[in-house]
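Notes follow once the structure below has been shown.
The values are calculated or read from the model by the stated rules, or taken from the named source; none is laboratory data. It should be emphasised that the depicted structure is a prediction, and the values quoted were computed from it without experimental measurement. Here the Cβ positions follow ideal geometry from the backbone for every residue, glycine too, while neighbour counts run over all protein chains shown.
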């Protein structure tokens, strides 16, 4: 063993540990046996734990079980000079999924540096771009084709067209234009939905629920409805966007109850610590929970237009608004029985708990 190797190891180890601890980048030192040998505070904070809880064993096997085998293989790789990156979707303690990029870089002596980058904002932006591209290139083309087709028919037939046929073509053009306009509005809402609340404050969810239901009943006065909105439901956020969120969910319940003689909608909830848990229940069509993962994906409809489906953006927008507020929406449903949405939002801080 050289004199340099003999004197360098403990000094570098101590310096490297101090350097890692000073970094804002979440990082750890792992052995090629998979055991975590050092964890900096930034990584422990990201994982909502302490460094001591992660040390001494292969912590990645329970923190990121979906990619544990991939990480183990990377730690034992035959080409130790080649850095590796692994993508993983991880659910944080707050229930939010986060997209992480794990990078491994050899240190030598059987040790590697694991760096963890939270790329959720980047992947969210990429998914938004994909949504807009799909909406413009696919969803928006359909009504545009209808407008083009029936406008051409009107133009080619000129004065010889029957009045009833002309009226039919014009109505089809108007309907397609209306559909295109609603889709454009939905895409614009999708863009804005991920913005964090600009001026958060106490929001009277009960008032918003009553307001939205009253608007729906005014629009369809012939629909019989039993609506129950529990009083004194408060959340912390931006009133305008939370009305959007609630409006998407209640409108969904209203539309998918069209086959019932009466619409049944109930909104209640309770506070759990610093979180407000709201429950919105309906007795509508419901759906098979095997397809629940599609529900908040843009343009992934579980029902046809005849059953009440819209442009396929409403629930995705609602979930984006919830995430922007630091909350989330979960769903439970049963076909032909109904659906319950659970909306988790920040509660009004204690000093504002007695909101007027």
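Listing for the model above:
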item: When residues of the range 139-153 are limited to those that are touching a residue at least 40 places away in the same chain (Cβ under 8 Å) and assigned to a helix (DSSP H, G or I), the one farthest from residue 188 (Cα to Cα); result: 143
item: Residue 100 within 18 Å of the chain's Cα centre (by Cα), closer than 30 Å to residue 19 by Cβ, assigned to a strand (DSSP E or B) and without any contact (Cβ under 8 Å) to a residue 60 or more places away in the chain; result: yes
item: Condition check for residue 96: farther than 30 Å from residue 33 by Cα, touching a helix residue (DSSP H, G or I) at 6+ places or on another chain (Cβ under 9 Å) and assigned by TED's automatic domain parsing to the domain that holds residue 58; result: yes
item: Filter result for residue 109 (in contact (Cβ under 8 Å) with a residue 40 or more places away in the chain, within 16 Å of the chain's Cα centre (by Cα) and within 24 Å of residue 71 (Cβ to Cβ)); result: no
item: Unmet criterion (only one of (1) touching a strand residue (DSSP E or B) at 6+ places or on another chain (Cβ under 7 Å); (2) closer than 19 Å to residue 344 by Cβ) for residue 262; result: (2)
item: The listed residue being in the same structural domain as residue 278 (by TED's automatic domain parsing), over 25 Å from the mean Cα position of the chain (by Cα) and free of Cβ contacts under 8 Å to residues at least 12 places away in the same chain, out of 217, 167; result: 217
item: Residue match in the range 233-245 (condition: assigned to a loop (DSSP other than H, G, I, E, B), under 23 Å from residue 263 (Cα atoms), in the same structural domain as residue 329 (by TED's automatic domain parsing) and touching a helix residue (DSSP H, G or I) at 6+ places or on another chain (Cβ under 8 Å)); result: yes
item: Complete set of residues in the range 227-246 that are out of contact with any strand residue (DSSP E or B) (no Cβ under 8 Å at 6 or more places or on another chain) and closer than 14 Å to residue 316 by Cβ; result: 244
item: Any chance residue 161 is without any contact (Cβ under 8 Å) to a residue 60 or more places away in the chain, under 30 Å from residue 278 (Cα atoms) and either outside the structural domain of residue 249 (by TED's automatic domain parsing) or surrounded by 16 or more Cβ atoms within 10 Å (Cβ to Cβ) (or both); result: no
item: Qualifying position, being within 28 Å of residue 320 (Cα to Cα) and at pLDDT 85 or above, among 68, 44, 93; result: 44
item: Test result for residue 156, over 30 Å from residue 187 (Cα atoms) and assigned to a helix (DSSP H, G or I); result: yes
item: Filter result for residue 170 (more than 30 Å from residue 347 (Cβ to Cβ) and at pLDDT below 90); result: no
